[in-house]
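Notes follow once the structure below has been shown.
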Amino acid sequence: MITGGNATVYVSDMDRAVAFYVGTLGLALRSRAGHHWAEVAAGADLVIGLHPQSEKSPAPGASGAILIGFNIDEPMADAVERLTQKGVQFRGPIVNDEEAGIALAFFGDPDGNDLYLCQVTRRW
């Protein structure tokens with residue numbers, strides 16, 4: 001079941017991005033996992049996830065550099081199976097990132113907007 005989520009923004013420099021969103025904009029830093037991930041809260045209803053750019057990600061500022069993630073409270077395989085049965089088409093296999101402590105599954109909405117499921121597999 002979906003329990004919340006965030007809008008993920010790919011960034012070129014994590015320290016600079018955190019300084020901007022927290023220091024300049026005054027948003028609250030909810031969590032940070034080194035240079036792998038940071039979450040900032042814009043009030044009670046919006047979480048922005050900052051993710052470093054990689055060879056596999058879109059360039060910051062490019063199309064696809066912002067996507068919406070849904071946190072889940074069930075095993076990823078179960079969520080993927082349930083949504084697949086409802087017609088959701090996932091883009092590739094489940095990604096298990098042991099270093100970051102998460103599992104991800106990417107898909108799109110009917111218009112092709114990028115979405116993903118995220119299961120936390122390890123707490124920092």
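The values are calculated or read from the model by the stated rules, or taken from the named source; none is laboratory data. Predicted model, so just to flag it, every value in this text is computed and none were measured. Using ideal geometry, Cβ is built from the backbone for each residue, glycine included, and neighbour counts are taken over all protein chains shown.
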When region 56-80 is checked residue by residue, the ones that are surrounded by 11 or more Cβ atoms within 10 Å (Cβ to Cβ) and without any contact (Cβ under 8 Å) to a residue 40 or more places away in the chain are Gly61, Ala62, Ala77, Asp78, Val80
In region 22-34, which residue that is within 13 Å of His51 (Cα to Cα) and not aliphatic (A, V, I, L, M) is modelled with the lowest pLDDT? Gly34
Within region 81-97, residues being outside any loop (DSSP other than H, G, I, E, B) and in contact (Cβ under 8 Å) with a residue 12 or more places away in the chain number 3
Where Gln53 falls short, out of the listed (1) under 18 Å from Ala17 (Cβ atoms); (2) surrounded by fewer than 16 Cβ atoms within 10 Å (Cβ to Cβ); (3) of a type in the set (S, T, N, Q): (2)
Hey, among Gly92, Gly112, which residue is farther than 15 Å from Lys56 by Cβ and of a type outside the set (Val, Ile, Thr)? Gly112
Any residue in region 98-119 that is on the phi > 0 side of the Ramachandran plot sitting within a Cβ distance under 9 Å of a residue that is not in a loop (DSSP other than H, G, I, E, B)? List the pairs, counting only those 6 or more apart or interchain. Gly101/Ala33; Gly101/Val120
Scan (1) out of contact with any helix residue (DSSP H, G or I) (no Cβ under 9 Å at 6 or more places or on another chain); (2) under 14 Å from Gly4 (Cβ atoms); (3) surrounded by 14 or more Cβ atoms within 10 Å (Cβ to Cβ) for the single condition Val120 breaks and write down its number. (3)
Scanning region 1-47 residue by residue, the ones that are touching a Phe, Trp or Tyr at 6+ places or on another chain (Cβ under 6 Å), part of a strand (DSSP E or B) and buried (at least 17 other Cβ atoms within 10 Å of the Cβ) total 2
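Condition check ((1) modelled with pLDDT of 90 or more; (2) among the charged types (D, E, K, R)) across all residues:
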residue	(1), (2)
Phe70	no, no
Ala77	yes, no
Leu83	yes, no
Gln89	yes, no
Pro93	yes, no
Glu98	no, yes
Residue that is nearest to the chain's Cα centre (by Cα), among those in region 46-84 that are under 19 Å from Glu98 (Cβ atoms) and among the charged types (D, E, K, R): Lys56
